[in-house]
Every structure is written in structure tokens, then in C-alpha cells.
Amino acid sequence: MLANRRRFLRAAPAAALPLSLSGQSSQESREPEALPLNGEWEFRVAHEPAWRTVTVPHTWQVDTGLTEHYGQASYRRRFFAPARWAGAVVRIEFEAVSHSARVRLNGQAAGEHLRAGYTPFTLDLTSLVKRNAWNELEVAVDNSFDEQMLPRGKSSDWAHDGGITRPVTLLVTPQVYIEHLWIDASPARIAARVVIRNAGAAEARVTVSEDILTDAGGTIESANPRAAEAVMPAGQTRTIELAPVTLTKPHLWHFDDPFLYRARVALNSGDVAESTFGIRTIEIRGTEFVLNGEPVRLMGVERMAGSNPEFGMAEPREWIDHDHADMRALNCIYTRTHWPQDRRLLDYCDRHGILIQTEVPGWGPRTFQNLKGNDEAALLANGMLQLREMIADARNHPCIFSWGVCNEVNGQNPPAQAFIRAMYKEAKRLDPVRPVTYASHSLFTNPGRDVAGEMDYVMFNQYFGSWQKGGTPELEKTLDALHAAFPGKPLVISEYGYCACTDDRPENDPIRVGILESQNKVFRERPWIAGLIFFCYNDYRTHIGDKGEGALKQRVHGVVDLYGARKPSWEVLRRESSPVESLTLAGRQVTLKTRATVPAHTLRGCTLRAIAYGRGAIPLAAQSIALPDLPPGATHTATLQLPSAGIERVTVEVLRGTGEAVIQAAGTGT
């Protein structure tokens, strides 16, 4: 189950494993099933004699006594395979095992997935499954630091957590089944590609049908069901392209209106797959980002996953949703991550409107230093593996703004340049539509020599006032030099902020606030800066942390702490990230002004809400006013119609169409 698709399967509960399957021939229709294998597993690290029970998804890096264990560990559990599974294909999908996994079933090798700890993989267990019997599954996991893997050795600066860190699912399908469902959607056309495998011993004639629905299940009249036929040789895999369809009035996906469609593909064998998708366009025109034909200047904040010491990288959906809801409250509509992300995270961004760049986890200049033997070739092969798996799994998500091929590897170093060029070319081959880039921190001198200029847009990590000496004058000089070097490209400040990471830089949130406010002023004076990503949302767990111990080993860099508690800088970041520059209340008159510079975009579907309070802060009256479309730099005035008697205080706020408050103000209302 790859390529960000949610299969249309009836999931059997863990305690009720017998599955409803009928027929024996690969040509007969057979209902597919998905059996979650999350929950209780037995676990032990290499030096432990006894097994103990853990809950998968799991990482041992947050377990007492194992926080510094970087090496081998094992997981095992049993599942019952009923006799009705005869004639079916049985596969297992791991959404992530960090960093290497070797899987055995009933003592026999089932397959492996090595040096790629953040991308999903599927193994075929059919020949090893015992029907009408209990089966024992064992997974050997290794999170050792590795010189021929990305991240290379100890070069990274995040939690190097080992374990089965994301969900596990057992897939039972007909012998002719869907491996991938990929959707390329634009306002002009929706095109589906279906990767189908015939695992049977005989040739199969396959019929593929497709329906386009709204995510809520509504039918779309103009999207008639489409069908294709193909002959599948035994043991072969084929990609079938379905005829594209055009919607008469497509509802476009936007971060303030994250509307989703759903594609449903069915085979005559009985297998069915579904995927949500959004219709939207992302273009680069000169130094501008253009979303659905409208220039936008984006702003947000990066989150470092795996930082809550209770969960580590094995985050539950509730915590993923918690953090991203808090980011939306911060007015975050644009973010990036240093490694491929959990499907549940991308699903949240799809549904709530956060554009995101996911990246291959190549981090730091050490990545391409002191290369020996075949290190360079091995790192490229590993980067290609992770890039291909990342794009195959996540490409249907409308939230994916761009693909990142690495971070801070020194783009003026020839081996790094060769890697970035090869990865860029492959990413564009796999997904010709989306932008591709890398985040550079090697643009302070001779920026024209950096491979960053060959990307679709330039990403620049800088920490003037923190890691880099200097302040506003040095920042201005550097930015202007970058624009001179790359005059026709957008520039995104992909990291800026304050890290309390050295003895001479203790935690000081007012300094963080000062850097945020003063540097934003500089950025807003330069119209060719198309995006800002503050670093970081959270203080984050990392194996090279300079504060805390055990599971709390961390770097202090965020506007919230490891557990999500807000610092004073949280409110400042929220204000700075708002597309509304000011909101004032004078008597009953409300005036708002949208920003003309970053973050800047047309506000649509927003509401002005006012609440009037009496003595004892009791809400007595409320009013909501639908706002017109407000382009960047617009001013709008509205008059409140609220009672006067007993009113002591009035609050007003601008709400996005997705419900979050963009900005708030208060007054007496008189």
C-alpha cells in the first residue's frame, strides 16, 4: 500500500483475524482486506536475554536505559492466517522502520529494507504464510550510524530514533492487485496511473475502472467512470494510464480552502484502491510563487518531529494533529521538513491547508567530506532510493509544495554539487510539475559558485545574531548579494531564528523575538523574497543535543518546549506570520489592513467576528460579518451592530475560511 493511497478495504479488528475471501482463481473477484498490526509486540535489544511487551509504533530511544542505544534490536508478534487466505496474496507494509529492517516469517527470510528509515516498504509474505495456523513475524531493526546512508554517520541534528516508528498493516488481496495509484491533477485535467501486479501463475485479463468523487463522497457529474483493459502476463507488473478527465468547474485546493477530491480505482479481480487529491497549480514566475494563478508570498515555521519525550519518532496521530493545529494557530501556511514525513502528517496538511516541502535526509557539510572508497557512489544510491520512495508515496498530496534533495551540505563542494544535480534531475523526471530545490547555508561568500542557483528556487539558511556573527547590516548585504547572483529566482529564507545551543548563548526568548522582528523587517523590504520559514516551532530532541539528558537531550530553538508549552515568542511569531498587518477597534468601527509584503496573499472567505462582554466578562452579544476578498495592501472598514447597554469590552478577530483566527484586537466598543 504505497503512493499515499488509502485502500478501500474492510479492516478486520486485531482480535478478529479471519477474513472474508472467496474463490481460488486469480481471475475470480476476491474482496481485499487490511489487517492493522499495530499494538502489542514483543521487543528486546541485542544484549537483552528476555523479551518484553511494547506498543507499536515504537522507538526504544525514549525507553529508560535505552536512550543511547544505537544498534540492533528485535520485534516479534504472531498473527493467525485462516484457511480462506488460500489463493490470496499476503503482503506486509511498514510505513517506516528506522533505519534498517530485516523481516522473517516463521523463521524464513521475507525481505529487507536497508538504510531508509523514513519511507514505507512492502514485502510479499505469500509463500511463507501458513494457512489455518498461527504465524510468527520477526523484525530485526538496526539504527546504527552509517557512513553510507543519509543522514551520513552522525552528521544530522535530530533524533536518530530506532524502531518500528510508524504503522504496520497486513494486506490480503487477489493475485491481481494494485501496487500504486498516482493522480496528476490540474484545473485542465485529472490523469491517473495505476501500477498493477499479477502475482498469479497464469495470464490475466484485467479491467480497470475509475470514479472521481468529492472527499465527502459526492458524485461528480462531469467525471464519468473510466475504464481500461490490459492483458497481464503471470508474474509481471505494468503501469496503466487511464484516459484523463476534465471537470467543468473544478474546486481548487488552497491553504485557505483545502478542498479534496477522491479517486477510486477498481479491478475486475476485486482489488480496490482510493486516494485523496487536490486540484491546484504551483508556478514560479520570475521571483514570484504563483498558486492557482495568484502571486503569493508565504510564511510559516518548521517543526522537528519526534521531539516529545513521551513518543519520540513513534508519534501518535493525536500528537501530530496537536502540533499542526498549533502551527495553523500560528498562521503557518508554509513549512519544510528535513526528512520524509508520516502519512498522517501529510493528510493533516492536506485537510487543513499547510504547504510543505519534504526532503531527502542529507544534512550537514560533513555529508560529502572525508569520502573513502565507494562512499560517494553509495551515498548517491541511497539518496536516490529515499527520493524515489518519498515521491512515490507522497506525490498525490496537494500539500506538497516542492521536493528538497538535501540540507546544508555545502553546495560549493564538488561531490555535493554532483549529488544535488543528479538528485534534482531524478526528482524532475519523477515529478515534472513540482519545484525542486535544496536548502543552502553556503551562500555567504561567492554565492554564484553554489549549486543553489541551478535549482528551481533558492533556499537560504542563515542565523545572523546566532550562529553567524553580525546583525541587520550584514544580513542586508548578504541578501542583496544573493539577489545579484540569482536575479531571476525567488529566494526563500528557509531557516532563521535563535538557538540557545552554546555556552555563550543561553536561552533568551527576548533575543529570539528581537531576531524575528528585526529580520522580518529586512525581508519585507525585498520583494524577491518569496517565502520565510522560521526555525523552529519546537525545542527538539537530537542526538547531538547540548541540554537535557536521556530522552530529553535537546536543542533549545523553538517557540514551544518539548511538550508543546508556549513561550512568549509564540504570540510574536503568530502576529508576524499574519497576512493582516493591523486590526483596530474605535468605538463600533473596525478597520483592518492586509500586508502588502510577506506574508501576502488575497484573503478569501474570511469572517470578522465580534463578541461583546459585560460585567464579570460575561459574553452578552456576538456578530459575524462576511468579509469581501481582500488583496495584499488592502484596507477595509466595517461597523459593528452590537447593543450598548451593559457592554464593558468588545473583542474582534478575523477568521480564515478554515476557522483559525488570523489576528485579534479588543476595545471598549464605545
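Derivation of every value follows stated rules applied to the coordinates shown; laboratory data play no part. Note that the structure is a prediction, hence the values are computed from the model and not measured. Positions of Cβ are backbone-derived with ideal geometry, glycine not excepted, and every protein chain shown enters the neighbour counts.
Rounded, prolate or oblate: pick one for the stretch 176-282, where a ≥ b ≥ c are the square roots of the eigenvalues of its C-alpha gyration tensor, a/c under 1.5 means rounded, and failing that, prolate if a/b is larger than b/c, else oblate.
prolate
Tally Lys/Arg at +1 and Asp/Glu at -1 over every other residue whose Cβ is under 13 Å from the Cβ of Thr281; what's the total?
Taking every Cβ under 13 Å from that of Thr281, the sum is +1.
Could you give the size of the charge dipole of the stretch 580-667 about its Cα centre, using +1 on the Cβ of each K and R and -1 on the Cβ of each D and E, expressed in debye and rounded to the nearest 20?
Here the size comes out at about 60 debye.
If the rule is a partner Cβ under 4.7 Å, which cysteines in the chain fail it?
Cys332, Cys406, Cys536, Cys606, each lacking another Cys Cβ under 4.7 Å.
Which shape class applies to the stretch 423-556: rounded if a/c is under 1.5, otherwise prolate when a/b exceeds b/c and oblate if not, where a ≥ b ≥ c are the square roots of the Cα gyration tensor eigenvalues?
In terms of gyration-tensor shape, oblate.
Percent of Cα-Cα pairs per 5 Å bin, from 0 to the last occupied bin, for the stretch 10-173, please list those.
Percent of Cα pairs in each bin: 2, 9, 18, 21, 18, 13, 9, 6, 4, 2, 0.
Out of every Cα-Cα pair in the chain, what percent are more than 42 Å apart?
29
Would you please name the GluC sites (Glu not before Pro) within the stretch 203-292 that are DSSP coil residues with at most 16 other C-beta atoms within 10 Å of their C-beta?
Of the GluC sites (Glu not before Pro), the ones in loops of the stretch 203-292 whose Cβ has at most 16 other Cβ atoms within 10 Å are Glu203, Glu221.
Return the calculated 222 nm mean residue ellipticity for the chain, to the nearest 500 deg cm²/dmol, obtained by summing -39500 (n - 2.57) across DSSP H runs with n ≥ 4 and dividing by the residue count.
Calculated from helices alone, the mean residue ellipticity at 222 nm is -5000 deg cm²/dmol.
Past the 32 Å Cα-Cα mark, which pairs from Lys154/Lys521; Lys249/Lys425; Lys425/Lys547; Lys489/Lys521; Lys428/Lys547?
Pairs exceeding the cut-off: Lys154/Lys521; Lys249/Lys425; Lys425/Lys547; Lys428/Lys547.
Quick one: Karplus J couplings for the stretch 468-477, per residue in order, coefficients 6.51, -1.76, 1.60, θ = phi - 60°, nearest Hz, x for Gly and Pro?
With coefficients 6.51, -1.76 and 1.60, one gets 9, 6, x, x, 4, x, 5, 5, 4, 4 Hz.
If you take the charge dipole of the chain about its Cα centre, with +1 on Lys and Arg Cβ and -1 on Asp and Glu Cβ, which of Ala600, Ala263, Tyr498 is farthest toward its positive end?
Ala263
Using amide H atoms built 1.01 Å from N in the peptide plane, name the residues 5+ places from Arg649, or on other chains, whose amide H lies under 5 Å from its own.
Tyr613
Using a ≥ b ≥ c from the Cα gyration tensor of the stretch 295-576 (square roots of the eigenvalues), is it rounded, prolate or oblate, where a/c under 1.5 gives rounded and otherwise the larger of a/b and b/c decides, a/b for prolate?
Rounded, since a/c falls under 1.5.
Work from the charge dipole of the chain (Cβ charges, +1 for Lys and Arg, -1 for Asp and Glu, about the Cα centre) and give the residue of Thr67, His251, Leu552 farthest towards its positive end.
After comparing all options, I get His251.
Would you mind ranking Thr358, Thr602, Thr584 by Cβ crowding within 10 Å, fewest neighbours first? Please report the intermediate quantities before stating the final value.
Working: Thr358 26, Thr602 16, Thr584 13.
By the 10 Å Cβ count, ascending: Thr584, Thr602, Thr358.
Got a sec? Charge dipole of the stretch 10-173, +1 on Cβ for Lys and Arg, -1 for Asp and Glu; which of Pro32, Thr169, Leu114 is way out at the positive end?
Highest projection toward the positive end goes to Pro32.
How large is ³J(HN,Hα) for each residue in the stretch 338-348, as worked out from phi by the Karplus curve 6.51 cos²θ - 1.76 cosθ + 1.60 (θ = phi - 60°), to whole Hz, x for Gly and Pro?
The phi angles translate into 7, 8, x, 9, 4, 4, 5, 5, 5, 4, 4 Hz.
Let's see if you can work this out: charge +1 on each Lys and Arg Cβ, -1 on each Asp and Glu Cβ, no other charges. What is the dipole magnitude of the chain about its Cα centre, in debye to the nearest 20?
Working: 73 positive and 77 negative charges, 167 e Å.
Computed about the Cα centre, the dipole is about 800 debye.
So how strong a dipole does the stretch 218-284 carry about its Cα centre when Lys and Arg Cβ are +1 and Asp and Glu Cβ are -1, to the nearest 20 debye?
Dipole about the Cα centre, nearest 20: 100 debye.
For Lys567, Lys130, what ranking results if the residue with the fewest other Cβ atoms within 10 Å of its Cβ goes first?
Listed from fewest to most nearby Cβ atoms, that is Lys130, Lys567.
Starting at the first residue of the stretch 315-328, write each ³J(HN,Hα) from the Karplus equation 6.51 cos²θ - 1.76 cosθ + 1.60 with θ = phi - 60°, in whole Hz, x for Gly and Pro.
3J(HN,Hα) across the stretch 315-328, in whole Hz: 6, x, 4, 4, 6, 4, 5, 4, 5, 6, 5, 5, 5, 5.
List the GluC sites (Glu not before Pro) in the stretch 639-670 that DSSP assigns to loop (not H, G, I, E or B) and whose Cβ has at most 14 other Cβ atoms within 10 Å. Which are they?
Counting only loop positions with at most 14 other Cβ atoms within 10 Å, none of the GluC sites (Glu not before Pro) in the stretch 639-670 qualifies.
Once amide H atoms are placed 1.01 Å from N in the peptide plane, what residues at a sequence separation of 5 or more from Gly111, or on another chain, have their amide H within under 5 Å of its amide H?
Val103
Exactly which trypsin sites (Lys or Arg not before Pro) in the stretch 364-437 are in a DSSP loop and have at most 15 other Cβ atoms within 10 Å? It would help to have the intermediate numbers written out before the result.
On the way: sites: Arg366, Lys372, Arg388, Arg395, Arg421, Lys425, Lys428, Arg429; in loops: Lys372, Arg395.
Qualifying residues, ordered by number: Lys372.
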